[in-house]
Structures are given as structure tokens and as C-alpha cells.
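> Here's a structure for you.
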Amino acid sequence: MSFTVAIIGRPNVGKSTLFNRLVGKKLALVDDTPGVTRDRRPGDAKLVDLKFRIIDTAGLEQSSPDSLQGRMWAQTEAAIDEADLSLFVVDAKAGLTPADKTLGEMLRRRGKPVVVVANKSEARGSEGGFYDAFTLGLGEPCPISAEHGQGMLDLRDAIVAALGEERAFPPAEDVAETNVDIRADIGSEGPGEEEIEPVYDETKPLRVAIVGRPNAGKSTLINRFLGEDRLLTGPEAGITRDSISVEWDWRGRTIKMFDTAGMRRKAKVQEKLEKLSVADALRAIRFAETVVIVFDATIPFEKQDLQIVDLVIREGRAAVLAFNKWDLVENWQELLADLREKTERLLPQARGIRAVPISGHTGYGLDRLMQAIIETDKVWNRRISTARLNRWLESQQVQHPPPAVSGRRLKLKYMTQVKARPPGFMISCTRPLKLKYMTQVKARPPGFMISCTRPEAVPESYTRYLINGLRNDFDLAGVPIRIHFRASENPYESKARKKR
């Protein structure tokens with residue numbers, strides 16, 4: 001991006017609405033309640049022919065530095081220092097307040113370019129507030145309506161005038177052409193044909209979501225990874241509301257990490273704002289590749305912890321457990337043995353899931369946590385050749401043949417990998433029910449489609465038998481596995497219908 005813009009203003013003037021308008025997506029939470037935004041949220045904005053990086057910030061509230069409002073304002077000040085230009089948003093409908101004048105004086109002392117934005121100018125009676133904005137002494141205000149998209153051309157011209165043509169429109173960079181490889185949903189290889197298993201790319205960016213109950217230490221953990229107070233933290237539960245993404249490098253690899261709001265039990269979530277925060281956290285889980293579920297080591301394996309892990313597994317994400325606040329544990333050897341036993345017993349759907357004791361406050365165990373994330377992502381991206389899968393499927397049927405349903409035995413024909421998320425296994429079968437062969441689905445995590453006879457009659461117990469075998473024989477521990485059964489086409493079916 002060519003330059004960075006910070007959106008500044010007191011609470012409830014429409015900063016997040018303007019942010020969503022400029023990025024073209026509803027990324028930031030918007031509500032009539034003042035003070036919804038707490039952390040600073042970055043995004044890629046486009047305004048006509050301008051492309052820049054934009055930062056949404058919390059509103060100014062006069063308070064002590066140690067309070068939650070004071071820590072929120074510290075995040076806003078960091079965004080002002082980082083930005084090249086500030087959009088000072090005022091409410092034209094309500095007019096100027098003492099907080100607006102205090103903020104305008106502070107921006108004037110900073111000496112950076114400022115554009116005064118008179119939002120809600122479409123409202124009746126907003127002319128008075130618009131003309132009051134001249135008294136701030138920061139230039140001519142720009143009347144807009146962030147909710148309805150009015151005045152965006154004027155805002156574009158004001159930004160260019162404040163920064164200058166050269167700064168607003170840097171020289172274009174040469175972009176190399178790339179070849180896009182579009183693959184079919186189902187592999188073209190047939191049963192028994194060998195294929196090359198792809199090598200895991202150690203350099204590709206990795207998307208990681210941090211989830212857990214409120215006050216488990218998620219934001220503190222990310223701040224320790226970054227080495228700075230990037231996210232708002234404190235003893236209060238439920239500080240984080242938006243799902244904030246941050247990028248950093250770990251051993252030369254780009255990591256995009258999402259901090260999410262704490263998820264309480266559904267029965268306790270009553271307020272509209274908390275429902276929006278939880279929905280934003282669920283979107284972050286679906287977008288991520290690996291999800292770290294943060295447990296409070298002092299009170300681990302609450303019912304909500306187990307429900308969050310089950311949610312992540314059902315979404316098909318690679319999961320890693322992080323037992324945080326390990327610095328508060330006294331008998332750590334005894335607790336570690338107890339946690340291992342409970343992990344195996346309470347999470348059978350994710351057998352072999354990696355669990356790491358950490359401390360976001362001191363930094364203990366963070367390298368091991370990142371290594372567990374990388375190893376789990378390798379398993380999540382693993383592909384097994386069709387030939388190996390079919391040999392394995394044949395041996396599994398020899399050891400434990402498929403059951404007979406209504407006097408006819410199932411037959412697994414073949415198994416192939418298809419492109420799907422979450423992954424599973426495909427077994428080819430015929431009618432009467434005979435499982436023929438099995439192949440893996442091109443999916444992440446490893447998923448497979450099996451062609452078989454009468455797929456609707458395959459019992460759940462035999463599906464679990466195949467999943468457990470796949471975990472043990474192909475080292476697929478800690479990731480969800482789903483097997484999808486599909487009936488093969490009968491070439492004589494049309495002839496039989498004609499005879500009837």
C-alpha cells in the first residue's frame with residue numbers, strides 16, 4: 001500500500017462504518033452502542049483510484065491511563081504515530097463536543113496531515129455541525145455519509161490535497177505474470193495408479209486463529225509473539241470484541257494470526273454486541289488453517305473448552321491445545337500427567353491432538369507451541385497417493401470385512417482424494433453393497449471419498465474403524481478426518497429400466 005490512514009474521533013461518530021465503507025467489507029463490528037471498537041484494526045482500503053492501508057481505532061474517552069478506556073486510547077495514539085494521515089471524524093448531526101476540541105488540539109500538535117470528516121451530513125439539521133467543524137482550525141471539513149456512501153469523491157480529493165499527488169500516487173510496480181493451476185475436484189488417476197505426493201511448502205504463509213474462553217490470555221499470548229503491546233489486554237474479561245489479524249515472521253515464515261473474542265456458553269450470550277463478537281470469531285475459525293485453543297491451566301477442561309474444541313474439529317480445522325498461565329501452576333509435573341490423561345479421554349474425536357503448556361506472560365513454551373502448529377499444519381496438508389490408499393483399503397477389508405446389510409455384503413471399490421474442505425475419504429462401491437476401492441480426497445485436512453455399493457447402508461462403526469486405521473497407518477493424528485461414501489454408476493441400470 002502507498003500510505004497509511006488512521007480514522008480518529010470520539011465514540012459513536014461512525015468511524016467503523018467509514019472503515020467498512022473504505023475496505024468494501026463489513027470487517028469491523030458496528031453498533032449504536034458507544035465504544036464498540038477497542039483494538040486498532042488494519043485493513044486494505046480503496047477509494048476511487050486511491051489504494052492505501054487504513055486503521056480503525058477506538059474513540060477518545062477521558063480517563064486514567066490504567067483504566068480500560070486509557071489503554072484503549074494508548075492503542076489509538078499508536079495508530080496516529082504509525083499513520084501518514086489522520087481522518088478526524090466528527091458528528092455533523094450532533095455538533096462539536098469538548099472531546100472533539102481536545103482531540104483536534106492533540107492532532108494539531110502532532111504536526112501530521114489531518115482531514116476533518118463531517119459524518120452523518122445527510123441528516124436534517126447537520127449544517128450547523130458542519131460549519132462548527134471549521135472552528136477546529138484543521139482546514140475545511142469534508143461532508144460525507146459513511147452509511148450511505150455519499151461524499152466519497154470529495155473525501156478522495158481531500159486526501160490527495162493533504163498528502164500531495166506524489167505521495168498519494170506512487171510509481172506503479174511491475175507485477176510478474178503467474179500461471180494459475182486449476183485442478184479438478186476429483187483426481188484423474190484411476191485405481192492403482194501411482195502419483196507423486198507433494199512436498200510440504202515450508203515458506204507459504206500460515207493463517208492461525210487463537211480462540212478460547214474469555215480471559216484465557218489470548219491477546220497476551222499474541223502480544224508476546226509480536227514482542228509489543230499490539231493488542232489490548234487487562235484483567236477484565238471480554239476485552240477483545242473484533243477479530244484482529246496481525247502478521248509477523250517466525251523463522252522466515254509469514255504468520256497471520258487472528259485474535260478473537262472469548263466464547264462463552266451460548267445460553268449466557270444475550271447481548272447483541274457479544275453475539276456479533278462470537279460470530280466474528282467463528283468467521284476467523286473458518287478462515288484460518290490452524291486453530292490454537294487456549295485453555296486456562298488453572299481451571300482446564302471446562303465444558304465450554306470441550307465445546308470449542310469440538311466446534312473447531314467439526315469445522316475441519318487443524319487444532320492445537322495451549323495450556324496457558326503455566327507460570328501460575330505449582331505441581332506442574334502432576335498437572336501435566338493429568339492433562340495428558342484428560343486430553344486422550346475427553347477428546348476422542350481428535351485423538352493425538354498436540355497439547356503444549358505455555359505462559360503468555362513470561363513467554364515460556366512459545367517456540368514449542370509454534371513448532372506444534374507447523375507440525376499439525378503439515379498433517380493437515382498431507383496428501384496420500386491413490387495407489388497407497390487402495391492397497392491399504394484392501395488390507396483393511398481383509399482384516400475386518402465390511403458387514404452384511406440385509407443379507408448383502410458391502411464392497412469398497414476404490415478410494416480417491418478430492419478437493420474439498422474439510423477433507424474425507426471416498427470409497428467406491430457397487431450394488432449389491434460391495435466396497436471396491438478407496439482413495440483420498442484433495443482436501444485439507446486429509447479427507448477421502450470412497451466409492452462403494454449402497455453408501456447409505458455403511459454403518460457408523462465401520463466408518464470409525466476406517467478413520468482409526470487411517471490415523472494409525474498414515475500418521476494423521478490430531479486432525480479431523482471425514483470419510484464420504486459414494487455409489488458408483490451402474491452401466492446396466494438404463495437397460496434394466498427399458499426392459500421394465
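> When Gly316 is evaluated against the numbered criteria (1) in contact with a Phe, Trp or Tyr (Cβ under 8 Å, 6 or more places away or on another chain); (2) part of a loop (DSSP other than H, G, I, E, B); (3) crowded, with 21+ Cβ neighbours inside 10 Å, which criterion, by number, is the only one it fails?
With respect to (1) in contact with a Phe, Trp or Tyr (Cβ under 8 Å, 6 or more places away or on another chain); (2) part of a loop (DSSP other than H, G, I, E, B); (3) crowded, with 21+ Cβ neighbours inside 10 Å, Gly316 is out only on (1).
> Now for a different question. Out of segment 332-374, which residues are assigned to a helix (DSSP H, G or I), touching a residue at least 24 places away in the same chain (Cβ under 8 Å) and not polar (S, T, N, Q)?
Matches in segment 332-374: Trp332, Leu335, Leu339, Lys342, Leu346, Ala350, Leu366, Leu369, Met370, Ala372, Ile373, Ile374.
> To continue, here is another question. Out of Asn20, Asn12, which single residue is more than 23 Å from the chain's Cα centre (by Cα) and assigned by TED's automatic domain parsing to the domain that holds Val115?
Numbers: Asn20 fails: more than 23 Å from the chain's Cα centre (by Cα).
Selected residue: Asn12, the only one of Asn20, Asn12 that is more than 23 Å from the chain's Cα centre (by Cα) and assigned by TED's automatic domain parsing to the domain that holds Val115.
> Scan segment 51-77 for residues that are touching a Lys or Arg at 6+ places or on another chain (Cβ under 6 Å), over 15 Å from Ile239 (Cα atoms) and at pLDDT 85 or above and report the count.
Residues meeting the conditions: 2.
> For segment 128-163, give me the residue count where each residue is more than 19 Å from Leu85 (Cβ to Cβ) and in contact (Cβ under 8 Å) with a residue 12 or more places away in the chain.
Qualifying residue count for the region: 10.
> Let me ask you something else. State all residues of segment 337-361 that are buried (at least 16 other Cβ atoms within 10 Å of the Cβ), among the hydrophobic types (A, V, I, L, M, F, W, C) and either more than 19 Å from Arg224 (Cβ to Cβ) or not assigned by TED's automatic domain parsing to the domain that holds Phe295 (or both); if no residue qualifies, say none.
Leu339, Leu347, Ala350, Ile353
> Scan segment 246-275 for residues that are of a type outside the set (A, V, I, L, M, F, W, C) and either in contact with a Cys (Cβ under 8 Å, 6 or more places away or on another chain) or under 18 Å from Val312 (Cβ atoms) (or both) and jot them down. Give the steps one after another, and end with the answer.
Step one: filter segment 246-275 for residues of a type outside the set (A, V, I, L, M, F, W, C), giving 247, 249, 251-254, 256, 259-260, 262, 264-266, 268, 270-272, 274-275.
Scanning segment 246-275 gives Lys256, Asp259, Thr260, Gly262, Arg264, Arg265, Lys266.
> Does Ala123 satisfy being aliphatic (A, V, I, L, M), touching a residue at least 12 places away in the same chain (Cβ under 8 Å) and assigned to a helix (DSSP H, G or I)? Steps first, answer last, please.
Values: aliphatic (A, V, I, L, M): yes; touching a residue at least 12 places away in the same chain (Cβ under 8 Å): yes; assigned to a helix (DSSP H, G or I): no.
No; evaluated as a whole, the condition is false for this residue.
> OK, next. From the set of residues in segment 379-403 that are out of contact with any Leu (no Cβ under 7 Å at 6 or more places or on another chain) and of a type in the set (Val, Ile, Thr), which is nearest to Pro459 (Cα to Cα)?
The residue in question is Val398.
> Pairs needed: first member in segment 391-406, aromatic (Phe, Trp, Tyr); second member anywhere, in a helix (DSSP H, G or I); C-beta distance under 9 Å; at least 6 residues apart or different chains.
As it stands, the answer is Trp392/Gly469; Trp392/Leu470; Trp392/Asp473; Trp392/Phe474, since those pairs meet every condition given.
> Of all the residues that make up segment 243-277, how many are under 30 Å from Glu202 (Cα atoms) and buried (at least 16 other Cβ atoms within 10 Å of the Cβ)? Full working, then the answer.
Start the filter on segment 243-277 by keeping residues that are under 30 Å from Glu202 (Cα atoms), which leaves 243-261.
Filter once more, keeping what is buried (at least 16 other Cβ atoms within 10 Å of the Cβ): 243-246, 250, 255-261.
Summing the residues that are under 30 Å from Glu202 (Cα atoms) and buried (at least 16 other Cβ atoms within 10 Å of the Cβ) in segment 243-277 gives 12.
So that you can scan it fast, the table gives a plain yes or no per residue for (1) over 19 Å from Asn215 (Cβ atoms); (2) of a type outside the set (Ser, Thr, Tyr); (3) touching a helix residue (DSSP H, G or I) at 6+ places or on another chain (Cβ under 7 Å):
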{"position": "Val320", "(1), (2), (3)": "yes, yes, yes"}
{"position": "Asn324", "(1), (2), (3)": "no, yes, yes"}
{"position": "Glu330", "(1), (2), (3)": "yes, yes, no"}
{"position": "Gln333", "(1), (2), (3)": "yes, yes, no"}
{"position": "Asp338", "(1), (2), (3)": "yes, yes, no"}
{"position": "Thr343", "(1), (2), (3)": "yes, no, no"}
{"position": "Ser359", "(1), (2), (3)": "no, no, yes"}
{"position": "Gly365", "(1), (2), (3)": "yes, yes, yes"}
{"position": "Gln371", "(1), (2), (3)": "yes, yes, no"}
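> Separate question: So how many residues does segment 69-86 have that are among the aliphatic types (A, V, I, L, M) and touching a helix residue (DSSP H, G or I) at 6+ places or on another chain (Cβ under 7 Å)? First the steps, then the outcome.
So in segment 69-86, the residues among the aliphatic types (A, V, I, L, M) come out as 72, 74, 78-80, 83, 85.
Among the residues that remain, those that are also touching a helix residue (DSSP H, G or I) at 6+ places or on another chain (Cβ under 7 Å) are: 80, 85.
Qualifying residue count, segment 69-86: 2.
> Name the pairs: first residue in segment 291-307 and without any contact (Cβ under 8 Å) to a residue 40 or more places away in the chain, second residue of a type in the set (D, E, K, R), Cβ to Cβ under 6 Å, at least 6 apart or on different chains?
Thr298/Lys325
The values are calculated or read from the model by the stated rules, or taken from the named source; none is laboratory data. Nothing here was measured: the structure is a model prediction, and the numbers come from that model. Please note: Cβ atoms are built from the backbone with ideal geometry, for glycine as well, and neighbour counts cover all protein chains shown.
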